[in-house]
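Here is the structure we will look at.
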Amino acid sequence: MMTNLFSIFDPSTNLFNLSLNWLSTLLGIFFIPYSFWLIPNRHFMFWNFILNKLHNEFKTLLGINSFQGSTFIFISLFSFVLFNNFLGLFPYIFTSTSHLNISLSLSLPLWLSFMFYGWINNSQHMFAHMIPQGTPNILMPFMVLIETISNIIRPGTLAVRLTANMIAGHLLMTLLSGTGNKIPSMLIFILIFIQILLLILESAVAVIQSYVIAILSTLYSSEVN
């Protein structure tokens, strides 16, 4: 009997006291290399089409002041989060993005690098972002405080958004599947149908959340230039 509902997210598999569940983070690497040495197929062309679209969109968001090739880090972030989100939907594969130590490890270094670059190279531009244009003089101290707080919590909101979305869908599917042995056999087909719909929804959430974290990181980067 499950004593804690969140125990499904515990990295419990271990060998010599080393948690093997976190190796699921590297599974996405196995999907990438074959596209370089096999004849280009529909899967490779479809993935290449997605990456080209993302490259053009990120390049537009970063603006003319961006460095050459700076979109690749955000495309890599999108690919990494997408593979981990999607692989977590398969049975017995650990969802590493449902833990804050993975999502914070992605968002915090990015945010810190943007802040260091912005305050060192474009400090006047960063100060100008503190006060929106047209703010009355009496509200300026409050706006500086609000903008500072909203800037500081950005890596946390990025990490919590990804983690909470991945946890919520998995918990809902676990709760529904746990009722399977307690309902009449005639309602099992309805439960299976609902689970299939939830799985489709979770597949969409896996793609959307990877896009959201990449696009928000791009927008945060564009603000420091």
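Values in this text are rule-based calculations from the coordinates and carry no lab data. Note that the structure is a prediction, hence the values are computed from the model and not measured. In this analysis, Cβ positions are derived from the backbone assuming ideal geometry, glycine residues included, and neighbour counts consider all displayed protein chains.
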Query raised in the report: Between rounded, prolate and oblate, where does the stretch 138-225 land on the alpha carbon gyration tensor, with a ≥ b ≥ c its root eigenvalues, rounded for a/c under 1.5, else prolate if a/b exceeds b/c?
Result: prolate
Report task. Just subtract the alpha-carbon distance of Thr174 and Arg161 from 0.36 nm times their residue separation and send over the number in nm, one decimal. Result -> 2.7 nm
**Report entry** Under Karplus coefficients 6.51, -1.76 and 1.60, residue-wise ³J(HN,Hα) of the stretch 147-161 in Hz, glycine/proline x
**Finding:** 5, 5, 5, 5, 6, 5, 7, 4, x, x, 5, 4, 5, 5, 4
Query - Value of relative contact order over the stretch 5-222, rounded to a whole percent, pairs C-alpha under 8 Å and six or more apart - result: 29 percent
Requested in this report: Quickly work out the Asn101-to-Trp47 label distance, labels modelled 7 Å from Cα along the C-beta direction, and quote it in nm with one decimal.
Outcome: 2.8 nm
Query raised in the report: Using Cα atoms only, what is the angle between the long axis of helix 100-121 and the major principal axis of the chain, expressed in degrees (0 to 90) to the nearest 10?
Result: 10 degrees
Query - Inter-label distance for Leu145 and Ile188, nm, one decimal - labels placed 7 Å from Cα along Cα-to-Cβ - result: 6.1 nm
Query raised in the report: Relative to the present Cα-Cα distance, how much length would full extension add between Leu26 and Leu197 at 0.36 nm per residue of separation?
Result: 58.8 nm
